[in-house]
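As structure tokens, the structure follows; a few thoughts come after it.
Read the figures in this text as sums done on the coordinates, not as results from a lab. The shown structure was predicted, so the numbers you read here are calculated from the model rather than taken from an experiment. We place every Cβ from the backbone using ideal geometry, glycine too, and count neighbours over all the protein chains shown.
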Amino acid sequence: MSGSPLARISPDTARSRITDVNDGIMAVAGMSLGLAGAEVSRTTAYAVITISAVVGALSVFGAELGEGFAQREAELATVAEEQRLLELEPEEEIEELVEWFEAKGVSTETSRKVAEELSDADALSAQLEIEYGIRELTSTRDAWAEGFSAGIGFLIGALAPVAIAYLIPFGWREEWTIIAAITSLIVTSFVLASTGGSNIGKTVARSVIMGAGTLAASHFLGDWLI
């Protein structure tokens, strides 16, 4: 397993991307079943399902992009503040590092030695990593990459219900949408469990139960409200 592609994906990255894929699956499949419950025309169903997939992807892209830039701005503000404090109060900043190591159970003598050596090597990086957990600043490229990845993930998830809407005879769209959505959730849950080390059976069961409930609610609401 160590040499497989899944093993090289970090659990955090896998969770983020699979969440985007699952959002695409459930949002568009739920919309499709809601329209089926409402018994709208074929043309209306095609238009709404397509719009849901595109707008959903753009929305996820925009939200992730905005979050990335907000994180970058917060990190830059932290860097500026820490740089200011290091210039004004270098000894107090070293004392903060000493206290941090002492809280971890390191002796005062060793804590001071390590804090001073880290500060001599790169005081700003030491403060950022130890106090704030910042090892590498979020770049503009990182923010755009996260946004695009999220949007594409949503579209990948939306692809199955969209394809069902266009390719399967209209009278069978409900059954095939459910099959496609549940199958997709099983696959994504398996990938998530494999990369994150969680129990595969429980992860799949949770996703399928929640997905089935969401789809049922979508169909019921479409039938009831429209």
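Counting beta carbons within 10 Å around each of PHE154, PHE220 and listing the fewest first gives the order PHE220, PHE154.
Quote the FRET efficiency, to the nearest 0.05, computed for ILE209 versus PHE170 with a Förster distance R0 of 25 Å and r equal to the Cβ-Cβ distance. Here the calculated transfer efficiency is 0.30.
Taking the fewest neighbouring Cβ atoms within 10 Å as the starting point, the ordered list for SER16, SER207 is SER16, SER207.
Dimensions of region 70-132 from C-alpha coordinates, computed as largest minus smallest value along each principal axis and given longest first, are 38, 22, 17 Å. Using a Förster radius of 30 Å, what is the FRET efficiency between ILE51 and LEU85 based on their Cβ-Cβ separation? Nearest 0.05, please. After rounding to 0.05, the efficiency reads 0.05.
Look at ASP142, ASP20, ASP122 and count the other Cβ atoms within 10 Å of each Cβ; fewest to most, that gives ASP122, ASP142, ASP20. Listed values for region 70-84 are Karplus-derived 3J(HN,Hα) couplings in whole Hz (6.51 cos²θ - 1.76 cosθ + 1.60, θ = phi - 60°), namely 5, 5, 4, 5, 5, 5, 5, 5, 5, 4, 4, 5, 5, 4, 5, and x replaces Gly and Pro. When the GluC sites (Glu not before Pro) in region 12-80 are filtered for DSSP coil states and for at most 13 other beta-carbon atoms within 10 Å of their beta-carbon, the remaining sites are GLU39. Taking trypsin sites (Lys or Arg not before Pro) across region 113-192, the ones in a DSSP loop with at most 13 further Cβ atoms lying within 10 angstrom of their Cβ are ARG135.
Scan (1) 52, 36, 32; (2) 76, 34, 33; (3) 58, 47, 36 for the value of Cα extents along the principal axes in Å calculated from this model and give just the label. Read-out from the structure maps to (2).
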